[in-house]
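Each reported figure results from applying straightforward, stated rules to the coordinates on display, with no laboratory input. Computed from a prediction, not measured in an experiment: that's the story for all the values here. Cβ sites come from the backbone with ideal geometry, for glycine too, and all protein chains shown count toward neighbours.
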């Protein structure tokens with residue numbers, strides 16, 4: 001339908017009056033909503049990191065208990081092995097396997113597949129030096145299976161050995177201390193406020209959990 005020329009001016013004036021700017025209150029409301037959404041998303045990412053630390057700590061705690069129970073149930077030695085210096089750094093301080101050796105056996109055999117802590121979660125080197133440095137002298141030595149096609153020399157991993165009674169082997173260690181495994185978020189490192197500490201009792205092999 002054609003609009004009479006005499007009505008065009010009224011139409012334009014009405015159209016202009018219908019378009020208005022946002023008020024200050026409305027702008028402040030939008031800014032507040034955006035800030036709230038940002039805070040919620042930051043909290044969500046923080047909670048995600050916390051969940052990964054818990055997941056990693058629980059995985060490691062389960063492996064420790066499995067190693068201890070395997071030794072007691074089968075009357076064998078069981079080693080909890082952690083990769084420390086693999087050629088591919090993505091495996092270091094976050095990759096584990098359980099090995100066992102029966103009395104009289106000439107080699108160690110894996111009883112689990114390689115287990116990995118969640119992405120971004122590692123064992124803190126600075127707080128876990130006892131686990132790394134106090135590896136007992138064994139004959140035959142622990143020989144871990146290849147990982148991603150890589151054969152690891154003994155210098156690339158550390159281990160703790162559970163004896164048939166569940167205690168930790170301290171043979172060849174002059175001053176044995178309870179090994180500690182400190183799981184945290186890699187990006188936060190030693191400043192992490194969220195951690196999962198596991199201290200292994202030397203006499204019983206039972207892990208003691210410490211959380212913030």
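Some observations on this one:
- Taking 0.36 nm per residue of separation and subtracting the current Cα-Cα distance, fully stretching the chain between residue 201 and residue 174 would add 8.0 nm.
- The share of C-alpha pairs in the range 51-131 whose separation exceeds 15 Å stands at 60 percent.
- Inter-label distance, residue 125 to residue 90: 1.9 nm, where each label sits 7 Å from its Cα along the C-beta direction.
- With R₀ set to 45 Å, the beta-carbon distance separating residue 58 from residue 23 gives a calculated FRET efficiency near 0.30.
- In plain terms, the residue of 103, 185 with the fewest other Cβ atoms within 10 Å comes first and the most crowded comes last, giving 103, 185.
- Paramagnetic label reach from residue 143 (point 7 Å along Cα→Cβ; backbone nitrogen cut-off under 16 Å): within the range 108-135, residues 108-111.
- Order of 71, 50, 174 - criterion: other Cβ atoms within 10 Å of each residue's Cβ, fewest first: 174, 50, 71
- Evaluated at q = 0.18, 0.19, 0.20 Å⁻¹, the base-10 log of the normalised Debye intensity for the range 48-210, with identical point scatterers placed on the Cα atoms, takes the values -1.10, -1.23, -1.36.
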